[in-house]
Every structure is written in structure tokens, then in C-alpha cells.
Amino acid sequence: MSDTQPQGFKAGSNLEKVLAAGHFAVTAELGPPKSADAEAISVKAKFLKGAVDAANITDNQTAIVRVSSIAAGYLALQQGIEPVIQITCRDRNRIAIQSDVLGAYTLGLRNILCLSGDHQKFGNHPTAKNVYDMDSIQLIALLKKMRDEKKFACGDEIRSSKKAPLKEPRIFIGGAENPFGDPLEFRAARLGKKAAAGVDFIQTQCIYDMERFEEWMRQVRNRGLHERVKILAGVTPLKSLGMAKHMRDNVAGLSVPDYWIDRLAKAEDKAAEGIKMCVEQIERLRGIEGVAGVHLMAIEWEDRVPEIVKGAGLLPRPVV
Amino acid sequence: MITAVRKPFDEIRDLVKGYDRLLILGCGTCVTVCMAGGEKEVGILASTLRLADQKDGRSREITEATIERQCDREFFDAVKEKMAAADAVLSMACGVGAQFCGEVFAGKAVLPALNTKFYGTTEGPGVWSARCSGCGTCVIADFGGICPVTRCSKSLLNGPCGGSSKGKCEVDPANIECGWQLIHDRMKLLGRLADLEAVQPLKDWSTGRDGGPGRIVKEDATL
Amino acid sequence: MKGGIVALCCENSGWKALASLGDDPVLDGVEAVRLPCSGKAETGMMLKILEKGAAGVLVLGCPKDDCTFLRGSARAQKRVAVARAALKDAGVGEERVRMEFISSVDTPRLAEAIRAMKAALEAHEGKA
């Protein structure tokens, strides 16, 4: 990945260029392994190569210890996948985060997704101290400050010494949004805050309730946010009826309308039906004004991603 | 007030096992209000220990006393003799008083009977909850009088995370309200919702615990 | 200079010195309050006096190594500092509260201190 700033782009990443050119972008997720297993990352990357514009490399998701996002991201980059590194605010203070951003950039990583991070009580180390030196919005503002003002949080210029040239990390800045979270009436405003802080793109939590999502998009469009921020709609294909019911009953804030359950229940091959429904959903999302792409979270089902992307008419991925 | 809960009895019994003349010292302020270490609780603990000792066939002298506060030197004067007569003091004050007791009576074994929890308020009979973390830079005015540092599980300053559901925090929906739902509702009541759209900058944590053990000097009161 | 000066005087020093000045015109506009010790003067009292319309408050105490109550005048000095800081915060002029250490016989210095304070208050009034 070139180090010099491509003309007119903030970071010059593939994802940025695809979105800037107006293509409907496709991103997916790659969860690093829970051990020092470099090979596992290559295996997952293989499934996604060519099917996505970039892949999120999660950061100790659900507070379970995994290979770090930057390390796994670098390994994925070697496999020809453009990573979207994730940084949560749970585990690192501003010193570590800025250090990681510099490090990620030096390794050729260009997209960073800013997250608050699941509370440690959900993971395998509930007795750990959490950090939360900042929140996701402050993190977005920080990355923007580093990139555009070429300064650290403390105000120091990003240069190795007084006489050295400025060498700032040029990052394409991402964030996440949950259109269905409470307080509901604050959600579009919260996206507004992220836009004000400088976010370039956001990915939403997975959507099943398309009506509510369309309502959220309406509020987003009313505020003109879709023009300032590239919005990628999150989808997760349902593997089974059990999974559908689990999502409906056990995942806080997730609304799963009956139609998903009913259709799956009626289908003979539930997995195939789940894929089909996902493809239809993506096609519907493409038609919503302000939706710039799809974020496919095929949890432990990464091998089906190419098929879904192809089914939705999104292959081959554009070369920009 | 500073709230606390009494340590489990077994842990206390283990802490005091080596002592034959014990003074159980209560505190009449915060821990009386949250019913963890006041005169009543001193009585309960003393009786429990005596009954346990009786069962174990152990003869031990256990005296009881409660002073106004254990965080100010002058209140210890009232129990100077009792302290001298004991070979250990089981302090039922909060972590501050339990430590200060040991400073005032240097060389005396002082053991904590409580686990100190948070700066909180009495929500209702028997229920206390946290309101303040002592961050050293109070910003509740920006949030309608509600502290996001304390009442949000992640101390977020710019709005809720995705784990807010029906006014509850996903960390413990049965017991924890979403601080940001509270802030949102309050600001709406005050007609100040628009103020929540301002991006709050990074917090200076150095004015609180992160800056090191706190110390306040009020010049006009020193001599 | 409108409003006058209220002198909070230690009865062992300032009060006696003030009395020795008799009806010297330097005392025009100066109202004296007798205290057992300048250490009795509280910050809040000083500010309230100004709130009620006095132009200035002059606290008169014994020299610090000679206070009858040992640390009274030293305490008063700190309280005057707090009052001055409050006046600065309010933007109304720190010079409106002042402390002087005067022994009971040091009338020339007391007269000079009162003159200096009046001058400072007039100058401040002129600016206001």
C-alpha cells in the first residue's frame, strides 16, 4: 500500500475509493482466532478475497481475548484482503490507542472502525479493569485530529523531531450505529454527532426489521447525514430456525419480525432459505436512498459470503 | 454518603482469629445510614462472633463502641481507653475510617469489617446506588444534573452505546438503569435535548484517582 | 470615596491605636468595630460588609509574633487573602479588603495605612 496520499482521498484505501466512485460497497467480518494461530486468519481471508471491498478485523469482540485486530489485519493484508481494523475504547487509553494507530499505519492498514466496545462482563475476563479513557465519538474525533490536523490528542505535532517532516497516519475513519437501540429518538442525533466528529463511514448493527430501518434512514436523510457519511447496512444471514429465534429472543434491542421466522419454518433447507432471504434483503437495501453499501456479518459462516455477494449481483467487486 | 457492605462473616472471623481482646468500633455517619457499620451493626457482629466463639469453646473479650466518625481525629478521644485495652480493633467504618483509625493508633492492629463500595444515595429503604465517582471535575451541569461517568457503565460522555435497551443497561438489566436514557429523559424534560448534540472533548482524568492519591489543602484553614 | 471604611479591630492593638488618633480627620469615614482578636474576623463577614455598601474593610491585628491568642492575626491574614480572591473573581477590586499589623502604640503607621487605603479606594472608584 502506497505511503503517499493519493490525490483527493483522505486515506486512499480501497474501501474509500469504492465508496467515492459511487459503487455499492461490500464489507464483511473476519474474527481472529482465540489462540496464537496465524494460519486460521489465512483460511478465513481466503473465503473473503475477491468477494469484498474490505473486511472488518474485530477487536477482542464480546471482550473475549483473540489475536489483536492490528496483527490479524496485517496477516489478512498479506493474503490480499484490505482490512478494516477495529479499535474499542474498553481496553486501551489514549496513549495506547494513538500508538496503535501509528503502528497500524506503518503496517499499511488504512481503515479504522471506532467502537465503544462490549463491557468486559460479557467476555472471558469479567474481573479485568476497563479503561474507557474515551468514547467512540471522541475516538473518531481523535483519528480526524491525527489525520487532518496532524496532531496528537495533547496538541503535539506528529513528527519524529522538531526538524523532521510531519508524518501523520492517514486513516479512513469508521464508526458503528445501532438504528434500533434505545433511546430510539436519539439514534439519528447520535449519528449526527459522529458525523460532526469526523466519521467517514459507518456500519450498522445487523438489520431484520426493514420497516424500522427505513424509518431510521428517513430521519438520517432529514438531517442530511447520508451525504456526509457513507452508510453501510449490516446484515447477518440466518443459518437456522434456532438462530432466528435466538436473535429474536436473546439479543437485546434486536427486532426480528415474524416473517423471518415464518419463512424459515416453512422452508425445507433452512440454511439455503436463510441465504436466499439475505440476498433479497441486500437487493432491497440497494434501493434505499442513502445506503452506500452492505456490511455482511456472516458469523462463523464466512465461506458463504462469496455466494451471497454473487447472488445479490455484486460480483465482481470493482477495481478502483 | 460513602456506602459499604459488611464483609462475609467467615472472612471477618479469619481476620480476627489471632486476637483475644477485640474492640469492634462502629461509625455513626455514612455507614450508619447505609446500615453497614453503625451501632446496631456493631451489636450484631459482636453477638455473632461471641456465639461463634462460644460454639468453638473460645473465650475472647469482645467490646463494642461507636463513635461519631472515624475520619476525624477528635472523635477517637472518647474511646482511647477501650482502644488501649484491646489487642486489635475491628473497624466497622468505611475504608477511610478503617485506615485513619490505624493512623491515629499507630501500632495497633486495625482490621476492616466492611467492603467500601461507592459514593451514593438512599434510593429507598434498604436500597443504595452510586451517583459519584470522585472524578475531580464535575460536569453534571452538561448532562441535566446526571453524571455520565458514574451512571453509565462505560462512562461514555457522548451518548449511549448499543447496549441500552428499554432504559436498562445490558451489563445488568435487572439492576442498572441506562445512564444515558436517564440523561436523555432529563434533558428532554429541561428542554435541552439539542445540547446533547455537542461533541464532548476528551476528559482530563488526572483530577481524580488517575492523578494519584488525592490531597486537598485549603490555605486559609491551615496553620 | 463613597461608603466609608469599616475597620475590624483587635481590641488589644488596632482598637487602642485607633482610639489614640482621637478626632484626627484621617478617621473621617472610618467606622471601627471592636473584636476580641482579629482572628474573629471571618471572610464572609468582610464580604457582607462590602455588600451592604462599605467602600472598604480594613482588618487591624497584632503583629504576628505578638498576638494575644497566638495565631489569631495570622489566621485573619489568610482570611483576608480569601476575601481578596473572591473580590477579584467578582471583578470588584481586591484592594477593598486589606490587613494591617499594628501594635497599640503605632499610631503614625495606622494613620498612614488608612490614608493609603482611602487613596487606593478613590483611585479604584475613579476607574469604575
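Exactly one residue out of B:Leu23, B:Leu51 is among the hydrophobic types (A, V, I, L, M, F, W, C) and either under 27 Å from B:Gly126 (Cβ atoms) or within 16 Å of the chain's Cα centre (by Cα) (or both): that is B:Leu51.
Are any residues in the range A:99-118 within 14 Å of chain B (Cβ to nearest Cβ) and out of contact with any helix residue (DSSP H, G or I) (no Cβ under 7 Å at 6 or more places or on another chain), and if so, which ones? Outline the logic, then answer.
Of all residues in the range A:99-118, those within 14 Å of chain B (Cβ to nearest Cβ) come to A:113-118.
Result: A:Leu113, A:Gly117.
Scanning the range B:160-195 for residues that are more than 7 Å from every other protein chain (Cβ to nearest Cβ), closer than 30 Å to A:Gly155 by Cα and in contact (Cβ under 8 Å) with a residue 24 or more places away in the chain yields B:Trp180, B:Asp195. Restricting to the range A:3-53, and then to whatever is in contact (Cβ under 8 Å) with a residue 40 or more places away in the chain and of a type in the set (Asp, Glu), can you tell me which residue is nearest to A:Ile231 (Cα to Cα)? Residue satisfying both the conditions and the ranking: A:Glu16.
Scanning the range A:60-77 for residues that are closer than 20 Å to A:Val26 by Cα and either assigned to a loop (DSSP other than H, G, I, E, B) or touching a Ser or Thr at 6+ places or on another chain (Cβ under 7 Å) (or both) yields one hit, A:Ser69.
Results for (1) in contact with a strand residue (DSSP E or B) (Cβ under 8 Å, 6 or more places away or on another chain); (2) at pLDDT 95 or above; (3) of a type in the set (A, V, I, L, M, F, W, C), shown as yes or no for each residue.
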| residue | (1), (2), (3) |
| --- | --- |
| A:Leu285 | yes, yes, yes |
| A:Glu300 | no, no, no |
| A:Arg304 | no, no, no |
| A:Pro318 | no, yes, no |
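The set of residues in the range A:175-215 being part of a helix (DSSP H, G or I), surrounded by fewer than 21 Cβ atoms within 10 Å (Cβ to Cβ) and either away from chain B (no Cβ under 12 Å) or touching a His at 6+ places or on another chain (Cβ under 9 Å) (or both) consists of A:Glu185, A:Met210, A:Glu211, A:Arg212, A:Glu214, A:Glu215. Residue count for the range A:279-320 satisfying the condition of being closer than 22 Å to A:Asp200 by Cβ, part of a loop (DSSP other than H, G, I, E, B) and touching a residue at least 24 places away in the same chain (Cβ under 8 Å): 8. For the range C:100-128, the set of residues classified as surrounded by fewer than 16 Cβ atoms within 10 Å (Cβ to Cβ), under 13 Å from the mean Cα position of the chain (by Cα) and within 17 Å of C:Val6 (Cβ to Cβ) consists of C:Arg115, C:Ala116, listed by residue number. Go through (1) touching a helix residue (DSSP H, G or I) at 6+ places or on another chain (Cβ under 9 Å); (2) among the hydrophobic types (A, V, I, L, M, F, W, C); (3) within 28 Å of B:Val217 (Cα to Cα) for C:Ile49 and report which single condition fails. It is condition (1) that C:Ile49 fails.
A single member of A:Leu254, A:Leu264 is surrounded by 16 or more Cβ atoms within 10 Å (Cβ to Cβ) and either at positive phi or assigned to a loop (DSSP other than H, G, I, E, B) (or both), and it is A:Leu254. Of all residues in the range A:131-145, those that are facing another protein chain (nearest Cβ under 8 Å) and touching a residue at least 12 places away in the same chain (Cβ under 8 Å) have Cβ atoms under 9 Å from Cβ atoms of residues that are among the basic types (Lys, Arg) and in a loop (DSSP other than H, G, I, E, B), 6 or more apart or on another chain, in A:Tyr132/A:Arg90; A:Tyr132/B:Lys154; A:Asp133/A:Arg92; A:Asp133/B:Lys203; A:Met134/B:Lys203; A:Asp135/B:Lys154; A:Gln138/B:Lys203. Residues considered: B:Gly107, B:Gly136. Of these, the only one that is of a type outside the set (Asp, Glu), closer than 28 Å to B:Val16 by Cα, part of a loop (DSSP other than H, G, I, E, B) and out of contact with any Pro (no Cβ under 8 Å at 6 or more places or on another chain) is B:Gly107. Please enumerate the residues belonging to the range B:64-82 that are surrounded by fewer than 19 Cβ atoms within 10 Å (Cβ to Cβ) and under 19 Å from B:Val16 (Cα atoms). If the condition is that a residue be surrounded by fewer than 19 Cβ atoms within 10 Å (Cβ to Cβ) and under 19 Å from B:Val16 (Cα atoms), then B:Glu64, B:Ala65, B:Lys82 are the ones that fit.
The values are calculated or read from the model by the stated rules, or taken from the named source; none is laboratory data. Keep in mind it's a predicted model, so treat the numbers as computed, not measured. A quick note on method: Cβ atoms are made from the backbone with ideal geometry, for glycine too, and the neighbour counts reach across all protein chains shown.
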